[in-house]
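Engineer: I'd like to ask you about the structure that follows.
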């Protein structure tokens, strides 16, 4: 009989051997993960199967990377637990875990043809495919839209890419020359909200008082954000006040900043205008106008971006910057034979007509740092931009020997005997048509120095039970400073020729906290969000130096202040602020997999305008797997901006051939009250849209969306009241004349409008073999109606006062902000490394009016009239700008995966707007908004623009 007994020593030795064996196995196992593997693979196009050359393959959170070869193959070393990142411009990036594999093949999906791009704007959830949203959203990839064009700024690029996005490049409009205020669906520029990374962007301090678009409005300067910093632009073409608050009556523009790392992007370009028809260089023998070179408006741009990884949980820091320098353009009708179709008299109103010169530069950062195992993320973004510009004002003429010029010796410095003190660096002599004596003229310069600074910091993360939260604060400030250069204060004398004219600034700080939660068990999925926001705003006007606005002539014969742009006065100075607190609830319910319903409600309380609430309902239904119908209805609210309430200025204008001094008075000014203008109140709107998205083929998408927008009490700039109108109330008449000015105008809730229209987008993308083709059609057809002019009771006593409050000319400016037609076709074909393409853009007809040279109301813009050249018969001064097609051509060549070259011309056929003149009354020309042969219209007037770009990617 054997008895087994436990032996502790034996058991210990066996355990030791087992642990040793396990340790050895773990060691070799860990070494296998720690050691780098040689990984090979191939990258192909998911649609065509064609191998892709020049695709970036990187090991995440390291500097290790490579590019695919001609056959799409790559080789790289990585650890078994690493993650590979595969990316390229034009394709959706992918992240793939190695998981011990040594051969990895990847198929990339083109983001040009991919129709399921995720849209972040308009939803508080994780985003939806753009064809699945209940309202229309455009996604514009700047790497595709901004490269094959001569356009050097973001606003101009978007004008070609989005159907109902509109803007005009202004000229001769003071600060409007440098702030390109854009609009959606024909509404005001301050009725579109701009976001950066989903956070509210500050507006400019500038308020437009000149120009053919956005008169009486502020807006956001999109060009103050470096293009190199932007990954894509989302444009929500639908009212969204209930979701995002005031300013979103027309829609929302969301700029998404770049997040890529270990990718160096450089973009260097040149553009210049070659206009052999209207460039004054080709009429230099006339000795009437300033000029530069056969190719003018020369512009050079440089953009750069680079990102570095932060931490070990996918953090990043992306740096971007842009620099642009652009010269002036000079445009006049050079044919002075008025019998010819394109002939006009010599322009004695504004001899240096064209675009201003500018230099601008800025930088931006975008950063995210996840921590707490990735459940919480700190983020920050912001930047600084500086812009300086120089524009010509209207011409000052001494004697007026030209019958189409007005003599203004009061605007020239003279000696004790009244003789002009000639300054050869500023003044110049011009011949008189027909052989008369030489006249003396000068063109004051208006300079602007504009700075934008912004910064946002926030922290977001996850709470228990799948709740997400986001706490942030965003601060932004715009400063706008005017200077007068190469000009005079005639009452002061000849010695000072540069003046500090003062300016204004606007600061906005926004703090918000949001929560959202996805609940998949309700219906086919419910996303619920709610939050609160606090916003503080401050607006200031600061005075210029005394010499910029003072009249030192005791007789007041000499004109007041610096010519071109009299400075802001101490009486204009203001510092106004207000605050706003808001709360919202936003829900999106997938009732079924086919039916989506969205609803939002928002309550806000302004410190100066009180409480309001807005709502929005939206829905989308999938009739088939490739056809969706969608629609929405919403209300909107926009409080008057601090700029509109407080802006005050006195400026010089040319109206009906006469130089006039005009005062824009703030809403609280005694003269405003004497005129009977009521306190500004909020704008209110009702929006409705209905449309569909259809994908009949994998390569083709069609979206059509109709819309209706009714705005009540829209704030615009009134017409002008003249000091000579003795029918005005005694209080108003005396207030006007006590100011020693000619005219006054005001901000007012002047009109109710209704916009109806339809947006059309047809997008076709096809790749086969080593070839690709893209066709994109965008169209906007709309109509605006002025439903009512809200004339104050004290001015509703006569037809004259009614029209002075809101003149025929001002009505046309409001209507022109909603061009009836804009159509665009973009076509591109590529084979191997070569691509060629064209942009065709049709700008529909618009009508504008002059101030009027003749009749009892000349210079007022009320029923403006001019005399016929033939017999003096009075004719309506209506400028008909017929519809025109502009054609752009370009080609690009990809030398390697690192270097691409673009070359082409915008407006290759040198198309110009029709002349802004009554054809039978050319002797009354140059009575438009810019003092030139044309008003500023969307297509511009500078002619052919040649360009080339080189793009580097490493």
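The values are calculated or read from the model by the stated rules, or taken from the named source; none is laboratory data. These numbers were taken from a predicted model, which means no experiment stands behind them. Every residue, glycine among them, receives a Cβ derived from its backbone with ideal geometry; neighbour counts consider all protein chains shown.
Engineer: Can you tell which of 373, 353 is assigned by TED's automatic domain parsing to the domain that holds residue 275, in contact (Cβ under 8 Å) with a residue 60 or more places away in the chain and closer than 30 Å to residue 447 by Cα?
Structural biologist: Numbers: 373 fails: closer than 30 Å to residue 447 by Cα.
Exactly one of 373, 353 is assigned by TED's automatic domain parsing to the domain that holds residue 275, in contact (Cβ under 8 Å) with a residue 60 or more places away in the chain and closer than 30 Å to residue 447 by Cα, namely 353.
Engineer: Which one of 511, 543, 547, 490 is within 34 Å of the chain's Cα centre (by Cα), in the same structural domain as residue 460 (by TED's automatic domain parsing), more than 30 Å from residue 465 (Cα to Cα) and at pLDDT 95 or above? Walk me through how you get there before you give the answer.
Structural biologist: Values: 511 fails: more than 30 Å from residue 465 (Cα to Cα); 547 fails: within 34 Å of the chain's Cα centre (by Cα); 490 fails: within 34 Å of the chain's Cα centre (by Cα).
None of the other options fit; the residue is 543.
Engineer: Given the options 855, 844, 824, name the one that is surrounded by 19 or more Cβ atoms within 10 Å (Cβ to Cβ) and either closer than 25 Å to residue 404 by Cα or touching a strand residue (DSSP E or B) at 6+ places or on another chain (Cβ under 8 Å) (or both).
Structural biologist: Exactly one of 855, 844, 824 is surrounded by 19 or more Cβ atoms within 10 Å (Cβ to Cβ) and either closer than 25 Å to residue 404 by Cα or touching a strand residue (DSSP E or B) at 6+ places or on another chain (Cβ under 8 Å) (or both), namely 824.
Engineer: Could you check, for the stretch 240-260, whether at least one of its residues is assigned by TED's automatic domain parsing to the domain that holds residue 913, surrounded by fewer than 21 Cβ atoms within 10 Å (Cβ to Cβ) and over 24 Å from the mean Cα position of the chain (by Cα)?
Structural biologist: Checked against the condition, which is being assigned by TED's automatic domain parsing to the domain that holds residue 913, surrounded by fewer than 21 Cβ atoms within 10 Å (Cβ to Cβ) and over 24 Å from the mean Cα position of the chain (by Cα), the stretch 240-260 yields at least one hit.
Engineer: Sort through 330, 384 and tell me the only one that's at pLDDT 95 or above and closer than 30 Å to residue 923 by Cα.
Structural biologist: Details: 384 fails: closer than 30 Å to residue 923 by Cα.
That would be 330, the only listed residue that is at pLDDT 95 or above and closer than 30 Å to residue 923 by Cα.
Engineer: If you don't mind, another one. Select the strands (runs of 3 or more DSSP E) contained entirely in the stretch 866-954, then report the ones holding at least 3 residues which are crowded, with 17+ Cβ neighbours inside 10 Å.
Structural biologist: Where strands (runs of 3 or more DSSP E) fall fully within the stretch 866-954 and carry at least 3 residues being crowded, with 17+ Cβ neighbours inside 10 Å, they are 884-894, 899-906, 944-953.
Engineer: Continuing with this model, one more query. Looking at 530, 482 in this structure, which one is buried (at least 23 other Cβ atoms within 10 Å of the Cβ) and part of a strand (DSSP E or B)?
Structural biologist: When all the criteria are applied, what remains is 482.
Engineer: Here's a follow-up. Return yes or no: is residue 433 more than 30 Å from residue 554 (Cβ to Cβ) and either buried (at least 16 other Cβ atoms within 10 Å of the Cβ) or in contact with a strand residue (DSSP E or B) (Cβ under 8 Å, 6 or more places away or on another chain) (or both)?
Structural biologist: yes
Engineer: Additional query: Looking at the structure I just gave you, is residue 727 surrounded by fewer than 19 Cβ atoms within 10 Å (Cβ to Cβ) and modelled with pLDDT of 95 or more?
Structural biologist: Judged against the criteria, residue 727 is not a match.
Engineer: Exactly one condition in (1) more than 18 Å from residue 354 (Cβ to Cβ); (2) in contact with a helix residue (DSSP H, G or I) (Cβ under 7 Å, 6 or more places away or on another chain) is not met by residue 301; state its number.
Structural biologist: (2)
Engineer: Of all residues in the stretch 92-105 being surrounded by fewer than 20 Cβ atoms within 10 Å (Cβ to Cβ) and within 29 Å of residue 765 (Cβ to Cβ), which is modelled with the highest pLDDT?
Structural biologist: The selected residue is 105.
Engineer: State all residues of the stretch 616-626 that are part of a strand (DSSP E or B) and either loosely packed, with under 14 Cβ neighbours inside 10 Å or free of Cβ contacts under 8 Å to residues at least 12 places away in the same chain (or both); if no residue qualifies, say none.
Structural biologist: The answer is 623, 624.
Engineer: So, one more: Which of (1) outside the structural domain of residue 493 (by TED's automatic domain parsing); (2) surrounded by 16 or more Cβ atoms within 10 Å (Cβ to Cβ); (3) modelled with pLDDT under 95 does residue 403 not meet, given it meets every other one?
Structural biologist: Condition not satisfied by residue 403: (2).
Engineer: Please specify each residue of the stretch 793-811 satisfying the condition of being touching a helix residue (DSSP H, G or I) at 6+ places or on another chain (Cβ under 7 Å) and part of a loop (DSSP other than H, G, I, E, B).
Structural biologist: 796
Engineer: Right, next: Restricting attention to the stretch 111-120, does a residue exist that is under 25 Å from residue 769 (Cα atoms), in contact with a strand residue (DSSP E or B) (Cβ under 9 Å, 6 or more places away or on another chain), at pLDDT 70 or above and not assigned by TED's automatic domain parsing to the domain that holds residue 313?
Structural biologist: The first filter runs over the stretch 111-120 and keeps only residues under 25 Å from residue 769 (Cα atoms), leaving 111-117.
Checking which are in contact with a strand residue (DSSP E or B) (Cβ under 9 Å, 6 or more places away or on another chain) leaves us with 111-117.
Pick out the ones that are also at pLDDT 70 or above and you get none.
No - not one qualifying residue is present in the stretch 111-120.
Engineer: Do any residues in the stretch 545-557 that are within 17 Å of residue 444 (Cα to Cα) have Cβ atoms under 9 Å from those of residues that are at pLDDT 90 or above and surrounded by fewer than 16 Cβ atoms within 10 Å (Cβ to Cβ), where the two are at least six apart or on different chains, and which pairs are they?
Structural biologist: 549/570
Engineer: Does the stretch 735-744 include one or more residues that are part of a strand (DSSP E or B), within 15 Å of residue 719 (Cβ to Cβ) and at pLDDT below 95?
Structural biologist: Yes, that holds for at least one residue.
Engineer: Of the residues 830, 844, 837, 859, which single one is touching a residue at least 24 places away in the same chain (Cβ under 8 Å) and under 16 Å from residue 879 (Cβ atoms)?
Structural biologist: 844
Engineer: Then there's this: Answer yes or no as to whether residue 593 is in a loop (DSSP other than H, G, I, E, B) and touching a residue at least 12 places away in the same chain (Cβ under 8 Å).
Structural biologist: yes
Engineer: Quick one: in the stretch 573-594, of everything that is in contact with a helix residue (DSSP H, G or I) (Cβ under 9 Å, 6 or more places away or on another chain) and buried (at least 19 other Cβ atoms within 10 Å of the Cβ), which residue is nearest to residue 210 (Cα to Cα)?
Structural biologist: 584
Engineer: In addition: Does residue 266 meet the test of being in contact with a strand residue (DSSP E or B) (Cβ under 8 Å, 6 or more places away or on another chain) and over 21 Å from residue 506 (Cα atoms)? Can you show your working first?
Structural biologist: Numbers: in contact with a strand residue (DSSP E or B) (Cβ under 8 Å, 6 or more places away or on another chain): yes; over 21 Å from residue 506 (Cα atoms): yes.
Criteria met by residue 266.
Engineer: Restricting to strands (runs of 3 or more DSSP E) lying wholly in the stretch 657-718: which have 3 or more residues that are touching a residue at least 60 places away in the same chain (Cβ under 8 Å) and under 18 Å from residue 186 (Cα atoms)?
Structural biologist: On the way: elements: 658-665, 683-697, 700-717.
Because the criterion is at least 3 residues that are touching a residue at least 60 places away in the same chain (Cβ under 8 Å) and under 18 Å from residue 186 (Cα atoms), the strands (runs of 3 or more DSSP E) in the stretch 657-718 that meet it are 683-697, 700-717.
Engineer: Here's another thing I want to ask about it. For the stretch 278-314, which positions are touching a residue at least 60 places away in the same chain (Cβ under 8 Å) and in a strand (DSSP E or B)?
Structural biologist: 279, 295, 297, 299, 301, 303, 304, 305, 309, listed by residue number.
Engineer: Now, a different point. Looking at the stretch 189-206, can you tell me whether even one residue there is in a loop (DSSP other than H, G, I, E, B) and closer than 13 Å to residue 817 by Cβ?
Structural biologist: no
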